[in-house]
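A.B. asks: Below you will find the structure I want to go over with you.
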Amino acid sequence: MTDPTRIKGAFPGSPLPSRSAATSRRINLPTLATIAAVVAIIYFAQSIILPLAIAMLLTFALSPLANALRKMGLPNLPAVLIVTTGAFVAVALFVLVVASQLSSLSASLPEFQANIIAKVDAIREASSETGLVRRFSNMLAAINAEIGAGAADDLAGGQDPMQVEVIERQSIIGMVSSLILPLVSPIATTGLVVVIVVFMLLERAEIRDRFIKLIGSDDLHRTTQVMQEAGGRVGRYLLILLMVNVIYAVPVGLGLWLIGVPNALLWGLLTLVLRFVPYIGTILSAAFPLFLAFAVSPDWSAVLWTLALFAAIELVTSNIIEPWLYGSRTGVSPLAIIVSAIFWTWLWGPLGLIISTPLTVCLVVLGKHLPQFALFDILFGDEPVLAPHSRLYQRLLAGDAVEATSRAHEALEEAYIGEYYRDVGIPALLIAQYDVQRGVLAQDQHDRLVHVAKAMVEDLADVAEAEEEDEDRPGQGVRVLCAGGRTDLDDISASMLMQTMLAEGAFARQIPHGDLLRERFRAIHAEEYDCVVLSFTDPSPSRASLLHIRRIKQVAPHLRVGVAVWAMADEAEAKSDPEVRGAFAVRDEKLEEARAIGADFAVSTFEGLLEEAFKSDRPIPLPAPHHARRGAFRKASAAPTFP
């Protein structure tokens with residue numbers, strides 16, 4: 001007898017890693033109307049909501065620093081004032097340095113004009129008469145000449161046009177308004193943000209409690225988790241992004257200074273800020289120094305060195321520094337980051353572009369834990385919204401064998417093939433069987449699904465063979481025949497079971513359900529096997545299908561015959577729609593019926609099947625046929641009839 005602990009050790013019961021169970025989330029008209037109303041409010045109330053959003057994100061970023069000072073023994077007020085003062089003084093110094101560098105650069109621009117003209121002339125001379133640059137230059141010159149000639153013809157008598165200058169008298173009040181009012185709005189907004197950040201940091205505990213009460217105080221565990229995760233993700237994202245940008249900007253500034261690009265400090269500081277903009281920030285940070293290198297150098301060496309500098313730093317940062325520092329993901333998919341950048345830029349302009357990713361992270365965290373915001377987790381989250389077995393079923397329905405197989409190989413990097421079939425493969429077939437029973441699966445869809453599933457299982461045969469090479473497998477020396485019970489889906493489940501048996505060290509073979517007919521079963525040399533397993537994806541197989549047990553035992557009495565009526569694995573069932581979970585339940589009465597017909601064992605789980613199939617017990621004899629009714633019929637037939 002095989003030790004069950006060895007089976008459990010070789011075939012662990014831990015489920016494949018995947019996302020938590022998802023609730024039923026659907027988009028309806030009221031939800032869309034609510035989203036549209038909220039977007040309209042955010043758009044038209046930009047002057048009010050934008051400072052609040054910026055202040056909230058700064059509060060998330062500065063909270064860890066304030067908490068660190070509190071842990072060092074400082075009271076709340078001094079800790080908040082130190083953190084906010086240091087942060088905004090650093091911002092003010094940054095602005096002053098950038099302003100002074102821009103002033104110095106503007107004064108030097110006329111000196112670069114000669115180099116720019118010389119390079120443009122060189123490009124034009126280098127191109128041939130049929131070159132694109134030459135033809136484009138000639139076209140511009142011709143258009144300019146035509147416009148000049150037309151304007152000259154319109155002048156009467158060749159007289160030169162009289163230049164007219166309109167001088168508008170402006171009062172002192174108007175002059176002051178035109179000079180001061182444009183500065184009042186950004187200064188007032190900045191001051192408002194500073195004040196809001198200070199008060200948010202001072203009352204962060206009170207704000208958290210009020211938010212918990214607002215979204216639901218009945219479930220303190222969930223709401224507390226939302227607050228902690230949102231603050232942790234956003235704060236960690238902003239601080240790590242700042243660290244990455246500093247690591248990126250310092251070599252840029254030093255490298256540009258060594259190359260000889262003017263105002264290297266300015267470009268280093270701008271690189272630090274522009275890289276907060278998703279994806280396009282790096283391109284913008286390199287564009288300005290490249291143009292200046294083009295203008296300042298009489299040859300092309302400065303341009304090439306600048307291009308090489310940014311390429312080298314980008315490669316090191318993207319492949320080494322960022323993967324090392326970003327210990328956890330933001331929870332937002334790359335496509336969602338781009339879409340959110342477009343959306344927030346449309347709403348709030350450049351500031352919206354800069355804060356788009358942190359805002360989207362907050363929405364995704366809310367959607368992950370609160371059903372009211374589930375739409376955002378579905379649209380923007382980086383985790384799959386379909387459970388692995390549902391995703392496999394969808395790929396099989398679509399006929400995408402490449403995607404189905406590649407996903408399987410990806411999962412098998414961290415799991416045994418039996419685990420994959422238990423948690424993903426068999427559950428996908430159970431969904432297909434459920435749709436067949438409901439009559440919603442068209443024949444062409446069914447045929448395509450069967451074809452792709454067979455191709456996927458065949459492609460995974462090498463994985464089973466590789467696992468078979470491991471030593472000390474619990475199925476060594478056992479010979480098992482796996483057969484589909486009644487349908488093509490049963491045949492595929494039998495193939496999955498066969499590969500699992502092979503991976504566990506047993507000698508296994510799979511036959512289709514058509515070979516269970518008496519004469520065809522005689523031809524498969526059943527004497528070479530110890531056990532035969534009938535595999536059913538139908539949770540309630542018919543008695544006619546279960547009668548194969550009796551026919552097999554009549555043909556090969558030495559065989560142990562088992563029945564596997566597959567139930568949905570626990571992990572897969574937890575991710576299934578609650579409305580259909582009952583459809584995958586296997587009734588004990590059906591397993592008892594199989595045993596009553598003559599099965600040596602009847603199970604519904606992979607672990608139970610492996611344990612029973614690898615036993616060396618003798619087969620249970622067929623129960624004696626029940627002739628009571630037949631005898632009564634014979635007596636009734638022999639009884640005389642009277643008129």
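A.B. asks: Only one of these conditions is not met by SER390: (1) within 15 Å of GLU573 (Cα to Cα); (2) modelled with pLDDT under 85; (3) surrounded by fewer than 22 Cβ atoms within 10 Å (Cβ to Cβ). Which number is it?
C.D. replies: Of (1) within 15 Å of GLU573 (Cα to Cα); (2) modelled with pLDDT under 85; (3) surrounded by fewer than 22 Cβ atoms within 10 Å (Cβ to Cβ), only one is false for SER390: (2).
A.B. asks: Which numbered condition in (1) hydrophobic (A, V, I, L, M, F, W, C); (2) part of a helix (DSSP H, G or I); (3) at pLDDT below 90; (4) in contact with a Leu (Cβ under 7 Å, 6 or more places away or on another chain) is the only one that ALA466 fails?
C.D. replies: Condition (4) is where ALA466 drops out.
A quick yes/no check of all residues on (1) crowded, with 21+ Cβ neighbours inside 10 Å; (2) out of contact with any Gly (no Cβ under 8 Å at 6 or more places or on another chain); (3) modelled with pLDDT under 90:
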position: ARG551; (1), (2), (3): no, yes, yes
position: PRO557; (1), (2), (3): no, yes, yes
position: ASP570; (1), (2), (3): no, yes, yes
position: ALA585; (1), (2), (3): no, yes, yes
position: GLU592; (1), (2), (3): no, yes, no
position: ARG595; (1), (2), (3): no, yes, no
position: ALA602; (1), (2), (3): yes, no, no
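A.B. asks: Could you go through region 350-362 and let me know if any residue there is β-branched (Val, Ile, Thr), at pLDDT below 75 and not in a helix (DSSP H, G or I).
C.D. replies: No, region 350-362 has no match at all.
A.B. asks: Now for a different question. Residues that are in a helix (DSSP H, G or I), more than 36 Å from the chain's Cα centre (by Cα) and modelled with pLDDT of 85 or more: does region 28-40 have at least one?
C.D. replies: no
A.B. asks: Among the numbered criteria (1) of a type outside the set (Asp, Glu); (2) in contact with a Gly (Cβ under 7 Å, 6 or more places away or on another chain); (3) under 25 Å from ALA567 (Cβ atoms); (4) at pLDDT 85 or above, which one does GLY475 miss?
C.D. replies: Going through (1) of a type outside the set (Asp, Glu); (2) in contact with a Gly (Cβ under 7 Å, 6 or more places away or on another chain); (3) under 25 Å from ALA567 (Cβ atoms); (4) at pLDDT 85 or above one by one, GLY475 breaks only (4).
A.B. asks: Continuing with the same structure: Quick one: would you say GLY514 is farther than 26 Å from ALA585 by Cβ, outside any loop (DSSP other than H, G, I, E, B) and not acidic (Asp, Glu)?
C.D. replies: On the way: farther than 26 Å from ALA585 by Cβ: yes; outside any loop (DSSP other than H, G, I, E, B): yes; not acidic (Asp, Glu): yes.
Judged against the criteria, GLY514 is a match.
A.B. asks: Give me a count of the residues in region 505-530 that are in contact with an Asp or Glu (Cβ under 8 Å, 6 or more places away or on another chain) and touching a residue at least 40 places away in the same chain (Cβ under 8 Å).
C.D. replies: 1
The values are calculated or read from the model by the stated rules, or taken from the named source; none is laboratory data. If you're wondering where the values come from, they're calculated on a predicted model, not measured in any experiment. Methodologically, a virtual Cβ is constructed for each residue, glycine included, from the backbone with ideal geometry; neighbour enumeration extends over all protein chains shown.
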